[in-house]
Amino acid sequence: MKKVVALLGSKRRGNTYHLLIQIKALLAENDVDLEIIELYRFEIKDCAGCTVCVSKGSCILSDDVPQIMEQLVKADGIILASPVYLQQVSGKIKTFIDRTCSWYHRPALTKKPILCVATTKGSGLKATLSYLQNVATQWGALNAGAIGRTIFNLEKHVGKREIAKFLQLLDDPESYAPTLHQLIEFEVQKSLALTLSELDTAYWNAHNWSNQSYFYPCKRVPFKRAISGAIGNLMRKRMGKRNTDISH
Ligand SMILES: Cc1cc2nc3c(=O)[nH]c(=O)nc-3n(C[C@H](O)[C@H](O)[C@H](O)COP(=O)(O)O)c2cc1C
């Protein structure tokens, strides 16, 4: 049975939670288990801004964040769910996301589909979902779409079609065709990893990503890969590379 973990950024079991409950029922029909992590029930301290997680690989703070990160790493798929607060995600989920900064440098959620969910009275839905989808890209994960509701369609039940891509990617993550934005982001992450930090270089080499154009040997979107590869090679030429041969 596949396992999905959802992060909920609302303190209430309100609109966003109820969408997750509908998604849970649909996933169960497909033999997928959904665990909802209500972030407000956990201790999540503000990022100290020291970047020790990036440079040394561990955080100086002690709270529930490592446990939640571990649950995401173990999951087959992830749902990021937040109400819109002043046009954006809630502070709680943002605080959690801030604490995952090391995943930008040493991605741990590659090949995991991420479905983004948000609810609002009327405004800020697009910006909020787009932010969450961008977080998925920063983590090196797969963008499995978005489900949003406003006061005008809150009663509309989540349909099978809205989770179809998520289910398909849970079964076959490598069928995913990365966007040009994701391919370029990969090249930026790779360039930073191979030029700035020995810890990151070792991590990228150990995962065999240093000579790849994406997090798995992706044969799709060849034209986009040619563009992102050229940008990446140019970037690394200017930055000075470390320890590895970069060829596409
Ligand atoms: C602090 C706060 C800020 C909000 N900001 C917005 C907003 O910018 N635009 C909007 O249309 N609704 C806004 N809302 C309404 C919520 O986004 C909406 O009711 C949402 O569905 C609540 O989700 P929940 O029931 O899961 O907590 C806000 C609500 C709160 C409590």
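The values are calculated or read from the model by the stated rules, or taken from the named source; none is laboratory data. As the structure is a prediction and not an experimental result, all values here were calculated from the model. We place every Cβ from the backbone using ideal geometry, glycine too, and count neighbours over all the protein chains shown. Side chains are part of the model used for accessible areas, which takes the heavy atoms of the whole protein and leaves out ligands, DNA and RNA. Shrake-Rupley method; radii C 1.70, N 1.55, O 1.52, S 1.80 Å.
Under 14 Å from the Cβ of Gly124, count the other residues' Cβ atoms, weight Lys and Arg +1, Asp and Glu -1, and hand me the total. Neighbourhood net charge equals +4.
At 25 °C and 0.890 mPa s, grab the translational diffusion coefficient of the chain from Stokes-Einstein with a Kirkwood Rh over Cα pairs, rounded to a whole number in µm² per second. Translational D for this selection: 130 µm²/s. Restricted to Cα atoms, the stretch 173-218 shows a radius of gyration and a Dmax of 10.8, 32 angstrom.
Based on DSSP H segments of at least four residues, each scored -39500 (n - 2.57), the chain has a per-residue ellipticity at 222 nm of -13500 deg cm²/dmol. Applied to the stretch 90-103, the Karplus parametrisation 6.51 cos²θ - 1.76 cosθ + 1.60 on θ = phi - 60° returns per-residue 3J(HN,Hα) values of 5, x, 5, 6, 5, 4, 5, 4, 4, 6, 9, 3, 4, 5 Hz, with x for Gly and Pro. Sequence-ordered 3J(HN,Hα) estimates for the stretch 161-177 from the Karplus curve with 6.51, -1.76 and 1.60 and θ = phi - 60° stand at 5, 6, 10, 4, 5, 4, 4, 5, 6, 4, 6, 9, x, 6, 7, 5, 9 Hz, glycine and proline given as x.
Of the residues Leu39, Ile68, Val52, the one whose Cα sits farthest toward the positive end of the charge dipole of the stretch 1-75, with +1 on the Cβ of Lys and Arg and -1 on the Cβ of Asp and Glu, is Leu39. Only one residue of Met239, Leu180, Ala206 has its Cα farthest out toward the positive end of the dipole of the stretch 180-239, where Lys and Arg carry +1 and Asp and Glu -1 on Cβ, and that residue is Leu180.
The calculated FRET efficiency for the pair Asn30 and Val52, based on their C-beta separation and a Förster distance of 35 Å, comes to about 0.30. With all protein chains in place and ligands, DNA and RNA left out, the 1.4 Å accessible area ranks Arg41, Arg13 as Arg41, Arg13, largest first. Ranking Asp171, Asp200, Asp98 by solvent-accessible area of protein heavy atoms (1.4 Å probe, all protein chains present), from largest to smallest, gives Asp171, Asp98, Asp200. What does a probe at Ala226 reach in the stretch 167-206, counting residues whose amide N is under 15 Å from the point 7 Å along Cα→Cβ? The answer is none, because no backbone nitrogen lies closer than 15 Å to the label point. Once C-alpha pairs closer than 8 Å and six or more residues apart are averaged by separation and normalised to the residue number of the chain, the relative contact order reads 17 percent.
Estimated at the nearest 10 Å², the accessible area of Ser58 is 70 Å² with a 1.4 Å probe. Averaging Cα coordinates gives a centre for the stretch 199-243 and one for the stretch 74-103; these two points are 27 Å apart. Taking all protein chains as shown and a probe of 1.4 angstrom, Tyr40 keeps an accessible surface of around 70 Å². Each of Asp98 and Ser130 was given a label point 7 Å from its Cα along the Cα-to-Cβ line. The distance between the two points is 2.3 nm. For His181, the accessible area of its heavy atoms, probed at 1.4 Å with every protein chain present, is near 90 square angstrom.
Neighbours of Ala108, meaning other residues whose beta-carbon lies under 15 angstrom from its beta-carbon, give a summed charge of +2 when Lys and Arg score +1 and Asp and Glu score -1.
Going by accessible surface with a 1.4 Å probe and the largest first, Leu154, Leu194 read Leu154, Leu194. Overall form of the stretch 121-244: prolate. Here a/c, set by the Cα gyration tensor axes a ≥ b ≥ c, is 1.5 or more, and a/b is the larger of a/b and b/c. The residues neighbouring Lys165, those whose beta-carbon lies less than 13 Å from its own, together hold a net charge of -1 under the Lys/Arg +1, Asp/Glu -1 convention. Using the Cα gyration tensor of the stretch 1-132, with a ≥ b ≥ c the square roots of its eigenvalues, what is the shape: rounded (a/c below 1.5), prolate (a/b larger than b/c) or oblate (neither)? Oblate, since a/c reaches 1.5 and b/c is not below a/b.
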